[in-house]
2 protein chains.
Amino acid sequence: MFDPVEKLKEFIRHPSVSADSRFRGGMSGAQEFVSSLLGGMGFVVEVVPTALHPIILATRGGETSWPHVVIYGHYDVQPADPLNLWTTPAFEPEIRGNRIYGRGAADNKGPLMTNITAVARLLEANPKLPLRITFLVEGEEEMGSPSFPKFLEAYRERLSTADFVYLSDTALPNEQQVVLTCGLRGLALFDVQVTGAKGDLHSGLHGGVLLNPIQALAEIIATLHTPDGRVNVPGFYDAVLDVHPWERDELKKLGADEKSYAEFLGIDTFYTTPGFSPFEALRFQPTLEFNGIGGGYQGEGTKTVIPSKAFAKISCRLVPNQEPDKIKKLVMDTIRARAPKGVKVEFVDQHKGDPYVVVPPGRSNTPANQSPVLARAFRAADAAVTEIWGRAPLYLREGGSVPIIADIKRVIGLDSVMFGLFLPEDNLHAPNESFNLDVMKKGIETTQRMLAMLAAGK
Amino acid sequence: MFDPVEKLKEFIRHPSVSADSRFRGGMSGAQEFVSSLLGGMGFVVEVVPTALHPIILATRGGETSWPHVVIYGHYDVQPADPLNLWTTPAFEPEIRGNRIYGRGAADNKGPLMTNITAVARLLEANPKLPLRITFLVEGEEEMGSPSFPKFLEAYRERLSTADFVYLSDTALPNEQQVVLTCGLRGLALFDVQVTGAKGDLHSGLHGGVLLNPIQALAEIIATLHTPDGRVNVPGFYDAVLDVHPWERDELKKLGADEKSYAEFLGIDTFYTTPGFSPFEALRFQPTLEFNGIGGGYQGEGTKTVIPSKAFAKISCRLVPNQEPDKIKKLVMDTIRARAPKGVKVEFVDQHKGDPYVVVPPGRSNTPANQSPVLARAFRAADAAVTEIWGRAPLYLREGGSVPIIADIKRVIGLDSVMFGLFLPEDNLHAPNESFNLDVMKKGIETTQRMLAMLAAGK
């Protein structure tokens, strides 16, 4: 049996930055590392080519009566820059205290290694385990998984023999409390560009005769929220599902404290949809956010120009059952209708992702037709977490987005059990990313226990 | 005698961007170029150090009974970016048709070279010309001339022996019609910065709980104008002088056509203060303009960040008798009062300049105590323009700002005769700046003729 921490170090040493073509060697190294690890565990490994980075599909077959779990993960990582802010080099893993440092340690190499190790131990202990397992490990997650939907279409038939998806690519609120994430927000992203005069103009020679596109853009942006914090776009909330009382109750158990949260953010006033606490708003409510704005002169000092253009980058986080394309159209139509005379408005479409929600068994709104194996998986996860962590998991939606979860539901019809393993202090996407080795140890035990119970028909 | 076009090329090749410290070499190159040119013409050249870029003071003395003209110009230029929009490199002058292209070709290297050439020819033709001439050429005009007022205080006594200032740093409406500019707008510039959370945030993990500073900034900006085009700041228009009927009449002679102007700008709707045509508004009315805006992610694609900060660069063009400091305070106070809760607003003060107006001899509002040499200079300029261009000049205020003109009036008591030489199509402060060489040729003849008449006591 391999040592999971040593294996994780080896995994981190492959600099698998998917978005940067200079790291092609690191990408293939990481892919081969995962493929050969799973191959060594007795899996039939296929490396499925895509337009960019291949997807690893590793299968342990068995009787069709056995439960079939798809374990998802990704072998690519975010860029490591700014490199100078790392205490030790990003791709030279180092253990300090109970943490392993390195790019990808928490997102997603550590959590993926956690689940691979659990499966390896389980199969070593019981080579005849009555459980079908498919590892699905992609290499484009940090780029928005562009090849994934096409892959799902192509492998629809094979994957639809599965019962559910299991993954660890979400967060724990703290080291004591496990969360089984049961909802993710979707995304709708686009840029808006406003053009005034056909070129930049001298504000002395022409100032006072035409509408400045910065002003026009600001006027448009200023209409998109009400003073009390709602998105002011007709129809924006029409498809939003009501929150079930059990979800609010579950969130209360988290015991999050508004004062500490405000201090963490460095703000003195929250700004949420009326009727929602900050912790509720970021899970249950959609947003319309401005990720960037630009136009005219941005350097030091001054340049007295009336710019020809100004732009803003807009992203909406969506909740069930909002549809990204419909929301994009609503917001774009509203912007067009509200644009002042004298400027031209154009859009640059960016990507999108559906929101996702799954209801665990036994809740007031659990679907009547919920797959029995999914329900068993949730119960096994609940029991395993309670046993290993000494505390029952919470079932919470998360504010972030993992669009492939909704893609899998839409294309294959599978729901996901999301067993979060990274902590707020893990510095995902930032310098000095790290992963807590105590969490890893308990995570291995939890996944092992959960899959064992599932296989045992419990 | 030098070839003025070749000399102008040489001048443009010095990349004298005063606002950017990377161009220090270009600044000293341009300064040395002008100093040595004037030295070669027999002027006594002093290079007066300032906190930043030195001022060239070049003197041709003479009898105290001779008229004394100060010829103003500047050797610095605007930044050339965005560089990719230039057809030929900004600092490699090229002649295409009857135009010379390059940063500073029109603002102010071409017009300054025009007046230097006129003086050189005049002195070559008549070395004993009874005219005292002082060239005053600064290197901080494009930064708002921060060192200039202090210089004026220090050189007050020497400069107060002069009768008036002559310069070409204003515009011609078209190639046929000369304008002797008799008014300039002032300036009040500052940046506003809005801060939300203490750092950039992930819009999935935290979106929906706090006010985005881009939104807060847009809301502030959107309040600063009324829909009908007035600046919506209480007290903003209080000190604005009424326009004299002769000024509106003179402007009518310009025969400017709104349709052509709209086409030139590439807009379909004007946006002016009510009661003013676009041509009146840009001369007689103040503005509040947004020269730049920035915040968050501005690259390609997307980054789902809630930025910590956003900023805008604001400039007001002022008319007599608005005071820059008062206007800055009014606008800043208004912004502070209107800023939404949940963000912090700060200001970075930039430069400023007083508005200026001079009334030519013989108008209904000409001051009774107008200097006789100034009145003669205006009459000589009128006669020279009529002779060389075949049409009398117009006396119009201009929308642009040359703050040092008001400074010279305030500190030294001198008025200015402003002989405009750049055309609307010259692309000042923009890519592909150019200067019309036919205008340059007639400009040289005009200045030469005007100074000759003045020296001859006409």
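The values are calculated or read from the model by the stated rules, or taken from the named source; none is laboratory data. The structure presented is a predicted model; accordingly, all values stated were derived computationally and were not measured. Here Cβ is always computed from backbone atoms with ideal geometry, including for glycine, and neighbour counts include all displayed protein chains.
Scan the stretch A:62-95 residue by residue and report those that are among the aromatic types (Phe, Trp, Tyr) and either farther than 26 Å from A:LEU136 by Cβ or in contact with a Phe, Trp or Tyr (Cβ under 7 Å, 6 or more places away or on another chain) (or both). Spell out how you get there, then give the answer.
Filtering the stretch A:62-95 for residues among the aromatic types (Phe, Trp, Tyr) gives A:66, A:72, A:75, A:86, A:91.
If the condition is that a residue be among the aromatic types (Phe, Trp, Tyr) and either farther than 26 Å from A:LEU136 by Cβ or in contact with a Phe, Trp or Tyr (Cβ under 7 Å, 6 or more places away or on another chain) (or both), then A:TRP86 is the only one that fits.
The condition of being buried (at least 24 other Cβ atoms within 10 Å of the Cβ), away from chain B (no Cβ under 14 Å) and either under 23 Å from the mean Cα position of the chain (by Cα) or part of a loop (DSSP other than H, G, I, E, B) (or both) does not hold for A:PHE151. Could you say whether any residue in the stretch B:312-321 is within 13 Å of chain A (Cβ to nearest Cβ), in contact with an Asp or Glu (Cβ under 9 Å, 6 or more places away or on another chain), farther than 19 Å from A:GLY295 by Cβ and of a type outside the set (D, E, K, R)? Within the stretch B:312-321 (the criterion being within 13 Å of chain A (Cβ to nearest Cβ), in contact with an Asp or Glu (Cβ under 9 Å, 6 or more places away or on another chain), farther than 19 Å from A:GLY295 by Cβ and of a type outside the set (D, E, K, R)), the answer is yes, since at least one residue qualifies. Mind listing whichever residues of the stretch B:287-302 are of a type outside the set (Phe, Trp, Tyr) and buried (at least 19 other Cβ atoms within 10 Å of the Cβ)? B:THR287, B:LEU288, B:GLU289, B:ASN291, B:GLY292, B:ILE293, B:GLY294, B:GLY295, B:GLY296, B:THR302, listed by residue number. Under 21 Å from B:PRO213 (Cβ atoms) and not β-branched (Val, Ile, Thr): is that true of A:GLU263 in this structure? Yes: the conditions hold for A:GLU263.
As for the stretch A:251-259, it holds no residue that is of a type outside the set (Val, Ile, Thr), touching a strand residue (DSSP E or B) at 6+ places or on another chain (Cβ under 9 Å) and surrounded by 21 or more Cβ atoms within 10 Å (Cβ to Cβ). When the stretch B:132-147 is filtered for residues that are crowded, with 23+ Cβ neighbours inside 10 Å, closer than 17 Å to B:VAL70 by Cα and at pLDDT 95 or above, the ones remaining, listed by number, are B:ILE133, B:PHE135, B:LEU136, B:VAL137, B:GLU138, B:GLY139.
Restricting the stretch B:46-79 to residues that are among the aromatic types (Phe, Trp, Tyr) and not in a strand (DSSP E or B), the residue that is farthest from B:SER168 (Cα to Cα) is B:TRP66.
Between B:ALA375, B:ALA392, which is among the aliphatic types (A, V, I, L, M), surrounded by fewer than 22 Cβ atoms within 10 Å (Cβ to Cβ), assigned to a loop (DSSP other than H, G, I, E, B) and modelled with pLDDT of 95 or more?
The match here is B:ALA392.
Taking the stretch B:25-61 as the search range and keeping residues that are among the hydroxyl-bearing types (Ser, Thr, Tyr) and under 23 Å from the mean Cα position of the chain (by Cα), which one is farthest from B:ARG121 (Cα to Cα)?
Within the stretch B:25-61, the match that is farthest from B:ARG121 (Cα to Cα) is B:THR50.
The set of residues from the stretch B:154-170 being out of contact with any His (no Cβ under 8 Å at 6 or more places or on another chain), modelled with pLDDT of 95 or more, surrounded by 15 or more Cβ atoms within 10 Å (Cβ to Cβ) and not in a strand (DSSP E or B) comprises B:TYR155, B:LEU159, B:SER168.
Report whether or not B:GLY400 is in a loop (DSSP other than H, G, I, E, B) and without any contact (Cβ under 8 Å) to a residue 60 or more places away in the chain. Answer is no for this residue. Within the bounds of the stretch A:335-350, is there any residue that is within 30 Å of A:PHE164 (Cα to Cα), among the aliphatic types (A, V, I, L, M) and modelled with pLDDT of 95 or more? Within the stretch A:335-350 (the criterion being within 30 Å of A:PHE164 (Cα to Cα), among the aliphatic types (A, V, I, L, M) and modelled with pLDDT of 95 or more), the answer is no, since none of the residues qualifies. A count restricted to the stretch B:347-372 and to residues that are farther than 23 Å from B:GLU323 by Cβ, in contact with a strand residue (DSSP E or B) (Cβ under 9 Å, 6 or more places away or on another chain) and either within 14 Å of chain A (Cβ to nearest Cβ) or surrounded by fewer than 19 Cβ atoms within 10 Å (Cβ to Cβ) (or both) stands at 2.
Condition test on B:LEU205, is it buried (at least 24 other Cβ atoms within 10 Å of the Cβ), facing chain A (nearest Cβ under 9 Å) and either assigned to a helix (DSSP H, G or I) or out of contact with any Gly (no Cβ under 6 Å at 6 or more places or on another chain) (or both)?
In short, no.
Residues that are of a type outside the set (Ser, Thr, Tyr), touching a strand residue (DSSP E or B) at 6+ places or on another chain (Cβ under 7 Å) and farther than 28 Å from A:VAL240 by Cβ are absent from the stretch A:398-407 altogether. Here B:THR114 fulfils each of the conditions (1) in contact (Cβ under 8 Å) with a residue 24 or more places away in the chain; (2) more than 30 Å from B:ASP163 (Cα to Cα) apart from (2). What about B:VAL343, is it of a type outside the set (S, T, N, Q), more than 27 Å from B:LYS253 (Cα to Cα) and surrounded by fewer than 19 Cβ atoms within 10 Å (Cβ to Cβ)? Spelling it out, it is not the case that B:VAL343 is of a type outside the set (S, T, N, Q), more than 27 Å from B:LYS253 (Cα to Cα) and surrounded by fewer than 19 Cβ atoms within 10 Å (Cβ to Cβ). Looking across the stretch A:218-235 at every residue that is farther than 30 Å from B:THR272 by Cβ and in contact with a Leu (Cβ under 6 Å, 6 or more places away or on another chain), the one that is farthest from the other protein chains (Cβ to nearest Cβ) is identified as A:GLY235. Condition test on A:PRO361, is it modelled with pLDDT of 95 or more, outside any helix (DSSP H, G or I), more than 28 Å from the chain's Cα centre (by Cα) and not β-branched (Val, Ile, Thr)? Answer is no for this residue.
Hey, can you tell me all the residues within the stretch A:169-197 that are β-branched (Val, Ile, Thr) and more than 9 Å from every other protein chain (Cβ to nearest Cβ)?
Listed by number, the residues that qualify are A:THR170, A:VAL178, A:VAL179, A:THR181, A:VAL192, A:VAL194.
What do you reckon, is B:ILE444 closer than 21 Å to B:VAL319 by Cβ and either surrounded by 24 or more Cβ atoms within 10 Å (Cβ to Cβ) or touching a residue at least 24 places away in the same chain (Cβ under 8 Å) (or both)? In short, no. Checked against (1) facing another protein chain (nearest Cβ under 9 Å); (2) out of contact with any strand residue (DSSP E or B) (no Cβ under 9 Å at 6 or more places or on another chain), A:GLN215 meets all criteria but (2).
Figure legend. Inter-residue proximity from the stretch A:221-241: first residues closer than 17 Å to A:ALA337 by Cβ, second residues of a type in the set (D, E, K, R), beta-carbon distance below 7 Å, spacing 6+ or different chains. Indicated pairs: A:ALA222/B:GLU219; A:THR223/A:ARG338.
One residue stands out in the stretch A:246-274 among those that are under 18 Å from A:PRO424 (Cβ atoms), in contact with a helix residue (DSSP H, G or I) (Cβ under 9 Å, 6 or more places away or on another chain) and part of a helix (DSSP H, G or I): the one that is farthest from the other protein chains (Cβ to nearest Cβ), namely A:LEU251. For the stretch B:299-320, a residue qualifies if it is among the small types (Gly, Ala, Ser) and more than 18 Å from the chain's Cα centre (by Cα), and the qualifying residues are B:GLY299, B:GLY301, B:SER308, B:ALA310, B:ALA312.
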